[in-house]
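Scroll down for the structure; my scribbles are underneath it.
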Amino acid sequence: MDGWILTLFALAAFAGGFVSGFSGFAMGLVVSGVWLHIITPVQTAALIAGYGLLTQGYGILKLRQALNWQSIWPLVLGTTIGVPIGVILLNHINPVHLRSGVGVLLVLYTVYGLARPAFRPMKIGTGSDIAIGVVNGLVGGLTGLGGIVSTISCQWRGWTRDVQRAVFQPVLFAAFVVICISMVVTGAVTPETLKLYGLGFPFMLAGLWAGFKLYGTISDETFRKAVLVLLLFAGLSLVVPALIAPAPGAS
C-alpha cells in the first residue's frame, strides 16, 4: 500500500470512527465508500466487522452508566438469531430487489421523521423486542447494515440519546460478534487483513474520541435528527446503486 492509498485508508478510518463516536453507528457506511475503491470487498467487510467491535465496545464503555440489560437482552437475542438466517437467505432472494426495497422504506421513514416533530413515545414489550431483534438481524444479514431496525425502534420509545445508544450499541456489538466469528470460520480474515486493521486502528480510535467529544455538546433533538440523516444516507446507499446499475443483459 503506497503513501497516497495509505492516507486515504487512514482518513476513512478516522471519519468512520468520528461518525460512530458521534452517532453510535454508521461507521461501515462511511468507510466503505472509500475502502471499496482501494482494498478488496472481502477485506472491507472483515475490517468493518472488526472495527465494529472496537467502535461499539468503546461506546458501551463510555455509556456504561446508562446500560439497562432488561432492555438490551431481547434485542440482542433476536439479532443473534436473525443475522445467520439473513445470511442464509441471501442465497435464495434477489439481493438487488431486497436492498432496494429496504432502502426505499428507510428513505420514506427518515424523510417523514425529519419533516415532523419527534415520535410519540411507544411502549414495547419483551416479545415484541425479540421480534424486532430478529428483523434487525435479518436486515443486517441481508444488507450488511446491522443495527438499523434496532436503532429505529429506540427512537420510537422517546428515550434520551444516552439511553438510546446504551441499548442499540450493545445490540450492534452482538451482531458484529456473530459476523466476526462467521468470517473467521470461512477464512475471510487473513494476515493481510489483520495488518490493515493494525494500520487503521489508531486513526479509528482518534475519530471515536473526537466524535464522542462532539456528541457531548448536542441536545436530544439534534441527536434524533442526526440519526435520521444517517439513516437516510443508509437508505440511499441501498437504492442508488440499484438505480444506476445496468439492466441484466444490457451491453
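The values are calculated or read from the model by the stated rules, or taken from the named source; none is laboratory data. Given the structure is predicted, the values throughout are model-derived calculations rather than measurements. As a convention, Cβ positions derive from the backbone with ideal geometry for all residues, glycine included, and neighbour counts pool all protein chains shown. Quick note on the areas: whole protein, heavy atoms, side chains included, nothing else; ligands and nucleic acids left out. Shrake-Rupley method; radii C 1.70, N 1.55, O 1.52, S 1.80 Å.
Applying the Karplus relation 6.51 cos²θ - 1.76 cosθ + 1.60 with θ = phi - 60° to segment 206-219 yields 3J(HN,Hα) values of 5, x, 4, 4, 5, x, 5, 4, 5, 4, x, 9, 9, 8 Hz, where x marks Gly and Pro. Dividing the summed helix terms, -39500 (n - 2.57) for each DSSP H run of n ≥ 4, by the number of residues in the chain produces a 222 nm estimate of -27000 deg cm²/dmol to the nearest 500. Taking a ≥ b ≥ c as the square roots of the eigenvalues of the Cα gyration tensor of segment 16-74, is the shape rounded (a/c under 1.5), prolate (a/b larger than b/c) or oblate? Prolate.
Remark: segment 1-150 carries 48 Å² of accessible area per residue (probe radius 1.4 Å; ligands, DNA and RNA excluded).
For segment 103-251, the Cβ-based charge dipole about the Cα centre amounts to some 360 debye (Lys, Arg positive; Asp, Glu negative; other atoms uncharged). Per the 1.4 Å probe, what fraction of the accessible area of the chain, in percent, lies on carbon and sulfur atoms? Of the solvent-accessible surface of the chain, carbon and sulfur hold 72 percent.
Entry note: segment 102-251 has Rg to Rh equal to 1.01, where both radii use alpha-carbon atoms and Rh is the Kirkwood radius.
Taking a ≥ b ≥ c as the square roots of the Cα gyration tensor eigenvalues, with a/c under 1.5 meaning rounded and otherwise prolate when a/b beats b/c, else oblate, which class fits segment 47-167? Verdict is oblate for segment 47-167.
Under 20 Å of direct C-alpha separation, and excluding same-chain neighbours fewer than eight residues apart, Lys225 reaches these lysines: Lys213.
Listed options for percent of Cα pairs over 35 Å apart are (1) 16; (2) 10; (3) 23. The value calculated from this structure is the one marked (2).
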